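The values are calculated or read from the model by the stated rules, or taken from the named source; none is laboratory data. Here the structure is a predicted model, which means the values were calculated and not measured. Note that we place each Cβ from the backbone using ideal geometry, even for glycine, and neighbour counts take in every protein chain shown. SASA here: full protein model, heavy atoms, side chains in, ligands and nucleic acids out. Shrake-Rupley method; radii C 1.70, N 1.55, O 1.52, S 1.80 Å.
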Amino acid sequence: MNALESRLEARSRRAYEVGRLTHAVLRVSPLVPLMALALLGCSPSHEVLACAGTLLLVVTLLFWRGQEWSVGVAPGIAAGLVPMLFPIIIQVGGHLCLPGSCLLLPAGCAAGGLLGGSLLGIAAPRPRAGRMTPFIVACSVAGLMGAVGCLLYGLVGLAVMAAGMATGTAGLVVVRRV
Amino acid sequence: MERGIDPDLQSLMTRLADGDRSAFHPAFAVLWPILRRFTSRHLTPPEAEDAAQEALVKIFRQAARFDPTRSATAWVLGVAGFEIRTVRRKRQRRREAPEMERAVLTRPDPAPSPEDAVVLRDLEDALREALGGLSPEDVETLRLYAHGQRPPTSPGTFRKRVQRALARARVKWRITDERP
């Protein structure tokens, strides 16, 4: 390969990576209005924005990377929608935001986590030896999405959501592997 | 399938769309000669080289969006065909541009030349001086006449006044401008 072709290949490679990144950003863009919805809840805006920003960045990088790293993203988003939206619906529905004095919101996070975890157990790529990445990605994305909605109760809310999700996922994953 | 196109192109483009970077170099090695051959059939050598390079870069930029259910060959040649048409349109515009420039340069300038502007200014000054030498009644008569207005007198009387004022103005004008 001569010098011209080497330069052309380098230029083409840059174009390929830029094209992948652009495509990833476009694929992530529908999540932005969903994240904006999370601001309707009672969680502090800066925490929601930080969590949502992290989610968007992570999902963009996963899509850009591609292959097994992007396979788990769609099931993770679908599963994470439930624990994300449950607390928001409860809060927007008129329930007072009084941290610590009402069990409805943590219960909502737990129920959302359980349902989301069940969905994850059904839809996430089956974990296999040497091929755990898609399953881990799906769980991580679902957890991040749920966290956006359950931030109101801080670590308690997140822990409750995660516990519900793990419970919902574990049983179904075991069944699918058998 | 076009004769000579590597049958692996479909699998390479599919792998690239999936994000498999190890497919990049083999895809480049397959695509570059294909595109050069294709563009050289339709364009001159320097244009063919440019079009092939632009097509190659565009193909890789859009590789993430490649649909594996579509034919990679058709897609790649479609992009190259678009670049060929773009080069041909630019070539056509370059041919038309000199003709347009000639048309613009030969169009007559509607603005007066500097010499004409000086002559016009001198005439205006002479006319002002000539009118300045007339009596106020003559000036008022000519002003009304120029604006299409009539004083409260009979039309015949006004017509006579206009004729006399114009005659005196012509005399003044000849004296001022020394024109016959």
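At the nearest 100 Å², what buried accessible area, both sides summed, do you get for B and A when the probe is 1.4 Å? Intermediate results must be reported in sequence, preceding the final value.
Working: alone 12940 and 9520 Å², together 20500 Å².
Result for this pair: about 2000 Å² buried.
Under a crude label model (7 Å from the Cα following the beta-carbon direction), how far is A:H46 from A:R126 in nanometres?
Result for the modelled spin labels: 4.7 nm.
From the Cα gyration tensor of the stretch A:3-177, with a ≥ b ≥ c the square roots of its eigenvalues, which class applies: rounded if a/c is under 1.5, or else prolate if a/b is larger than b/c, or else oblate?
On the way: a/c = 3.37, a/b = 1.62, b/c = 2.08.
Here the stretch A:3-177 falls in the oblate category.
Heavy-atom accessible area per residue, chain A, 1.4 Å probe: how many Å²?
On the way: 8530 Å² over 178 residues.
Per residue, chain A has 48 Å² of solvent-accessible surface.
How big is the accessible area of A:I136 in square angstrom, nearest 10, if you roll a 1.4 angstrom probe over the protein chains?
Near enough 90 Å² of accessible area.
Summarise the partner chain shielding of A:16-24 as one whole number: the mean count of Cβ atoms from other chains within 10 Å of each residue's Cβ. Kindly include the intermediate steps, with their values, before the conclusion.
Numbers: counts 13, 5, 3, 10, 9, 1, 4, 6, 2.
Across A:16-24, the average partner-chain Cβ count within 10 Å equals 6.
For B:K160, list the lysines whose Cα falls under 26 Å from its own Cα; do not include residues on the same chain fewer than 8 positions away.
B:K172
Which sequence of B:K172, B:K58, B:K90 reflects their accessible areas, 1.4 Å probe, from the largest down?
Values: B:K172 75, B:K58 55, B:K90 110 Å².
Ranked from most to least accessible, the order is B:K90, B:K172, B:K58.
Provide the FRET efficiency to the nearest 0.05 for the A:A166-A:T22 pair, computing r from the beta carbons and using R0 = 41 Å. List each step's numbers first, then the result.
On the way: r = 36 Å, r/R0 = 0.87.
So, using R0 = 41 Å, E works out to roughly 0.70.
Label points 7 Å out from Cα along the Cβ direction at B:Q149 and B:Q92: separation in nm?
6.3
Just grab the label-to-label distance for B:S135 and B:R70, each label 7 Å out from Cα along the Cβ direction, in nm (one decimal).
9.4
Taking all protein chains as present, what is the carbon and sulfur share of the accessible area of the stretch A:3-177, in % to the nearest whole number, probe 1.4 Å?
Numbers: 6020 of 8180 Å².
Whole-percent figure for carbon plus sulfur exposure: 74.
In nm², what is the average projected area of the convex hull enclosing the Cα atoms of the stretch A:1-95?
On the way: hull surface 30.1 nm².
Mean projected area for the stretch A:1-95: 7.5 nm², to one decimal.
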